[in-house]
């Protein structure tokens, strides 16, 4: 348990900064809502954009003139931010003992490597839950300030649920990379690279339906925005698969960290 | 009872670093010296013993158990690494409390005692400490839970002579209370005062394991002589002679063996001067460590 508290304390400042950035992102995003929803000319303008441009802007077939559609557009960036946080946290929380050369201190204590991984992952999990809750609350508050139409609390909750699943996948993926790569220090860069790659894939598959098989490589595409906007929630099958994916990535993290040749001194 | 047991322990990594077929047994209550130059494999041996890294082959056990399979055995063990790195944002006391939290016993009193003894400011940030003071943090961290086995890897580097003295007293005191000490160093003279046995490691292999008393009593002699005529190297090329230096009429060397044999060789030359001395352990040590050409 001491490792858990130690990690929470060490990550506190970072978490506060990420949370503040998240609130700012949502606040500045919602501030632009009036420009989209004022109706008339601008609404028409968006509808007339070519579908590829809309896809690249993240609108797809969403109707950004209503709050749920607009939130979905904004949510893309919120989710991307949370995913970056999760993947960097996952890789650094494992890698930092070797990076800061404290592995020799920690591993000479009466703890097994899997205990270390367990408490570190739990601490990271706590971090992503906090960031998720901050995002949820600030979304609900800020949306209610600007929303003049239908209440979208349910939709926002589903969006944030889906974000939590995406956070889980990226967290466990980041942890796996740092447990597996022989140079733990470079795992953060590799993890960020993979994340950008998966984001780009999600944009490419927006452009053409024929590439939709690639969506399996992009957690951003696991939960359909359109489905949430339509009020249908999250697909239970995909939820289960995402949980299984996270479990698999975590199990591999334990496996590789257990066998790992620690880089000491 | 055997506290540390290494059986054919081998670890290859990198290109040249590593250890080969290391066999050691350290008994309860002894202070065991582990001597070798930098890069000989001392730290590798210790890290493999602690389960920080895994052996290529062979086995290592502490109190009869392997540290990787039974990490809880490390409760009885205090370790001071050769280079100390700690979580920078912590104060000394935070780090020590964190370290103590792994042992499930109250170490507050012992932390105060040790810090006072080592003259260590508990409120300082670890970031701001000098190398020597970080080393002190390492010492307190390794001893605060009163371990039964203390493993020290180059413990005195960075400590001033006064602190070294205090540190040795501290270790001797722990040993009196029953702790076994495994003391790695590249300086033989600092362990010769306290160790009961010493193993020499060179290029990853144990080359000698001896009782300290045997080492000190062994018939090593440092012989220097001057003669009336020029000395030839061949005059002293007999078994037991090492480090032979011939310089015109003067010669000096280290001899181990039957004293009568060397006396015969010496009397064969016309002597002007002769001295026979006990070499200090440093010289015996060099004798093991000079790389063969």
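Taken together, the values in this text are just the output of simple stated rules run on the coordinates, not laboratory data. Worth saying up front: this structure is predicted, and the values here are computed from it rather than measured. No Cβ is skipped: glycine too gets one built from the backbone with ideal geometry, and neighbour counts run over all protein chains shown.
Bridges between two residues of chain B, per DSSP, are antiparallel at a rate of about 65%. One chain, two ends: residue B:21 and residue B:172. Fully extended at 0.36 nm per residue, the span grows by 51.3 nm beyond their Cα-Cα distance. GNM remark for chain A: springs join alpha carbons under 10 Å apart, and the peak mean-square fluctuation among A:63, A:151, A:100 falls on A:100. Looking at the range B:135-260 alone, DSSP beta bridges between its own residues are antiparallel in about 75 percent of cases.
Take every pair of alpha-carbon atoms less than 8 Å apart whose residues are at least six positions apart; their mean separation over the length of chain B yields a relative contact order of 20 percent. In the range A:171-265 the Cα-Cα distances spread across 5 Å bins starting at 0 as 3, 12, 16, 19, 19, 13, 9, 5, 3, 1, 0, 0 percent of all pairs. Distance between the 7 Å Cα→Cβ label points at residue B:38 and residue A:27: 5.4 nm.
Of all DSSP-defined beta bridges confined to the protein assembly as shown, some 65% are antiparallel rather than parallel. Computed over chain A, the per-residue total of -39500 (n - 2.57) for DSSP H runs of n ≥ 4 gives a 222 nm mean residue ellipticity of -25500 deg cm²/dmol, rounded to 500.
One Cα centroid belongs to the range A:182-243, the other to the range A:45-113; the line between them spans 10 Å. Round to the nearest 0.05 the FRET efficiency obtained for residue B:162 and residue A:240 when R0 = 51 Å and r is the Cβ-Cβ distance. Efficiency for this residue pair is about 0.20.
Based on the alpha-carbon gyration tensor of the range B:1-94 and its eigenvalue square roots a ≥ b ≥ c, which shape applies: rounded if a/c is under 1.5, prolate if not and a/b is larger than b/c, or oblate? Oblate is the answer for the range B:1-94, as a/c is 1.5 or above yet b/c matches or exceeds a/b.
Put simply, the convex hull of the Cα atoms in the range B:2-216 casts, on average, a shadow of 11.4 nm². Extension gain, residue A:51-residue A:148: 0.36 nm per intervening residue step, less the Cα-Cα distance, totals 32.2 nm.
Estimated from the Cβ-Cβ distance and a Förster radius of 25 angstrom, the FRET efficiency linking residue B:89 and residue A:1 is about 0.80.
Take each residue of peptide A:108-117, count the partner chain Cβ atoms within 10 Å of its Cβ, and average: the result is 6.
Between residue B:274 and residue B:123, the modelled label-to-label distance comes to 6.9 nm, taking each label 7 Å out from Cα in the direction of the beta carbon. Of the residues B:187, B:46, B:223, the one that moves most in a GNM of chain B with alpha-carbon contacts below 10 Å is B:223. Shielding value for B:98-110 is 2, the average number of Cβ atoms from other chains within 10 Å of each residue's Cβ. Cβ-Cβ distance of residue B:265 and residue B:30, R₀ of 45 Å, FRET efficiency by 1/(1 + (r/R0)^6): the value works out to about 0.70.
Computed over the range A:72-208, the range of Cα coordinates on each principal axis works out to 60, 35, 19 Å, biggest value leading. With all projection directions averaged, the alpha carbon convex hull of the range B:96-178 covers 5.4 nm². Build a GNM of chain B with springs between Cα atoms under 10 Å apart, and of B:80, B:244, B:162 the one that fluctuates most is B:162. Averaging the Cα positions of each part gives two centres, and for the range B:228-275 and the range B:4-72 these lie 41 Å apart. Can you tell me how chain A classifies by the Cα gyration tensor, rounded, prolate or oblate, using a/c under 1.5 as the rounded cut? Judged from the Cα gyration tensor, chain A comes out prolate (a/c at least 1.5, a/b above b/c). When the Kirkwood radius is taken over all Cα pairs of the protein assembly as shown, what Stokes-Einstein diffusion coefficient follows at 37 °C and 0.692 mPa s, in µm²/s? So the translational diffusion coefficient is about 116 µm²/s. With a ≥ b ≥ c the root eigenvalues of the C-alpha gyration tensor of the range B:50-107, is it rounded (a/c under 1.5), prolate (a/b larger than b/c) or oblate? Oblate, since a/c reaches 1.5 and b/c is not below a/b.
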